[in-house]
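Written below as structure tokens is the structure these notes are about.
The values are calculated or read from the model by the stated rules, or taken from the named source; none is laboratory data. Small disclaimer: the values here were computed from a predicted structure and weren't measured. For neighbour counting, all protein chains shown are included, and Cβ atoms are generated from backbone atoms with ideal geometry for every residue, glycine included. What goes into the accessible areas is simple: the full protein's heavy atoms, side chains included, and nothing from ligands, DNA or RNA. Shrake-Rupley method; radii C 1.70, N 1.55, O 1.52, S 1.80 Å.
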Amino acid sequence: MGQSNSGFSAAGLRTLRDVLTRHVESGRIPGLVALVSRGGQTHVEAVGTMRHDGGPPMRRDTIFRMASTSKPVSVAAAMVLLDECRLRLDDPVQQWLPELADRRVLTRVDGPLDDTVPARRPITVRDLLTSTFGLGMDMTALGTPIMNAIFEQGLTPNLPEPMPEPDEWLRRLGALPLMHQPGEQWQYHISNDLLGVLVARVTGQPFETFLRERIFDPLGMADTGFHVPADKIDRLPPLYAPDPRTGEFHVWDEAEGGRHSQPPAFPGGGGGLVSTADDYHAYFQMLLNHGRHGSERILSRPAVELMTTNRLTPEQQATRDAMARNNVHISHGQGQHGGWGFGMAVRTYRGDYASVGQFGWDGGSGTATYADPAKQLTGILLTQVGMSVPDPARLIHDFWTTLYQAIDD
């Protein structure tokens, strides 16, 4: 299919706005910011308000909790180190993360923590990048000893214990057995947080400092980081978790005094970033430009290709397919793209309106970031409503559907 430089049709953009406005006027989504870009044309919609009971209107520069859409951005720090040969894909990580040497692996995922066998091989950088190092969030294993230990040790964001600083976090992680042999099975989330610790160890810099120097500042991502400074806190809306039965809005995280009002003890590459639509657009446009931003190269072309093409075997993909089937209420996007690159989902088949090769991810705070190289298309949707209820998932589905209908070929 040929590429068009005409961007979007006026009628298509009106339909897009009407669909987004209808979701807000339903009362289920207080507000949103959506950015779509193609062929040098960028269009932004800011609809609704910062709070469910009114308050300031949504603006283009509203700052959102990116949740799991942090993953596609934070992974770029590791890719810089691969480009510079400070990391190699098949390097064992234990030379920087000795806490992960000599791993033990559970005999059964639901078994006791002391029923283990030795790991067949060391964990590698590739295992972390593909989320196959052997430990992760498994919603089908809730209540098992290993998942209970993950929660109790504060290894996941705010569930229920606060995450400790990185060295202590890694010490606790290293005290647990793996759920699966390294490289065997795709698992959610923890690999991405572990990558941040690896980057900090390799560079001798805090993870956020390295991200800022090598990714954020060169791309002009001035509003992206792991907390919101006091002079910008008025641009951060509350995060809501609506009751799925009644629709009543409950504040999960306020702006002032909330989780992002101060620098965190643990800068979570898997879900800790805050950002804006324009900042994320700059990042995804860099990926569509094969690693370039204007005249400056941020990542090599091979690094971008590694990130945005499937890296999983059919057996590893089967785990992601199961997550999508069994947890579809989380999102219409997570797990349903056929593959996984580095830090993001990659569509390996044509489905609905999306093209093969589309990449991106959805987040637990009602965020979605996707790009389609075949169409040179970027779509970013940001809300302040948690993804544990169906309404944001329906919104994201409708956004992506109408975005493709708005393309002017």
Quick one: work out Rg over Rh on the C-alpha atoms of the stretch 81-224, Rh as Kirkwood radius. 0.98
Stretched fully, the stretch from residue 408 through residue 42 gains (0.36 nm per residue minus C-alpha distance, one decimal, in nm) 130.4 nm
Given a Förster distance of 35 angstrom, what is the FRET efficiency for residue 140 paired with residue 26, based on the Cβ-Cβ distance and rounded to 0.05? 0.65
So the carbon and sulfur contribution to the accessible area of the chain, 1.4 Å probe, in percent, is 50
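If you wrap a convex hull around the alpha carbons of the stretch 69-162, what volume per residue comes out, as a whole number of Å³?
Per-residue hull volume (Cα only) is 121 Å³.
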Note, ³J(HN,Hα) from phi for the stretch 249-256, Karplus 6.51, -1.76, 1.60, rounded to Hz, x at Gly and Pro: 7, 10, 6, 8, 7, 6, 6, 6
Which of the trypsin sites (Lys or Arg not before Pro) across the stretch 85-190 are loop residues per DSSP, with 15 or fewer other Cβ within 10 Å? 86, 88, 108, 120
Residues whose built amide H sits under 5 Å from the amide H of residue 154, excluding neighbours closer than 5 in sequence, are 161
Starting at 0 and stepping by 5 Å, how many percent of the alpha carbon pairs of the stretch 112-160 end up in each bin? 4, 17, 21, 24, 24, 9, 1
Here P(r) for the chain, Cα-Cα distances in 10 Å bins, as whole percents, is 5, 24, 34, 26, 10, 2, 0
Placing one identical point scatterer on every Cα of the stretch 1-157 and ignoring solvent, what is log10 I(q)/I(0) from the Debye formula at q = 0.12 Å⁻¹? -0.85
What number comes out for accessible area per residue over the chain if the probe is 1.4 Å? Units Å², please. 39
Whole-Hz ³J(HN,Hα) for each residue in the stretch 371-379, computed from phi via Karplus 6.51 cos²θ - 1.76 cosθ + 1.60 with θ = phi - 60°, x for glycine and proline: what do you get? 9, 10, x, 4, 9, 6, 10, 10, x
Please report, to one decimal in angstroms, the Kirkwood hydrodynamic radius of the stretch 188-313 built from all distinct Cα-Cα pairs. 16.6
Suppose the chain between residue 152 and residue 84 were pulled fully straight at 0.36 nm per residue; how much longer would it get relative to their current alpha carbon spacing? 20.7 nm
Zone residues, the stretch 267-295, relative to residue 59, backbone N less than 17 Å from point 7 Å out along Cα-to-Cβ: 275-279
Where does the stretch 219-283 land on Rg(C-alpha)/(2.2 N^0.38 Å)? 1.25
The set of residues whose placed amide H lies less than 5 Å from the amide H of residue 385, leaving out same-chain residues fewer than 5 positions away, is 240
Convex hull volume of the Cα atoms in the stretch 1-90, per residue, in Å³? 183
Measure of exposure for residue 394: accessible area at 1.4 Å probe, Å² rounded to 10, is 120
Residues with amide H under 5 Å from that of residue 364, placed H, sequence gap 5 or more: 68, 69
Need the full-extension length gain, residue 374 to residue 309, defined as separation in residues times 0.36 nm minus the C-alpha distance. One decimal, nm. 22.1 nm
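For the chain, what does -39500 (n - 2.57) per DSSP helix run (n ≥ 4), summed and divided by total residues, give at 222 nm, in deg cm²/dmol to the nearest 500?
-9000 deg cm²/dmol
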Kindly state, to the nearest 0.05, the FRET efficiency for residue 165 paired with residue 246, given R0 = 35 Å and r defined as their beta-carbon distance. 0.35
Just to check I understand the Karplus step: with θ = phi - 60° and J = 6.51 cos²θ - 1.76 cosθ + 1.60, what whole-Hz values come out for the stretch 164-171, glycine and proline as x? x, 5, x, 5, 5, 4, 5, 4
Which order do 96, 340 take when ranked by solvent-accessible area (1.4 Å probe, heavy atoms of all protein chains), largest first? 96, 340
Highest first, please rank the peptides 75-83, 376-384 by the mean number of other Cβ atoms sitting within 10 Å of their residues. 376-384, 75-83
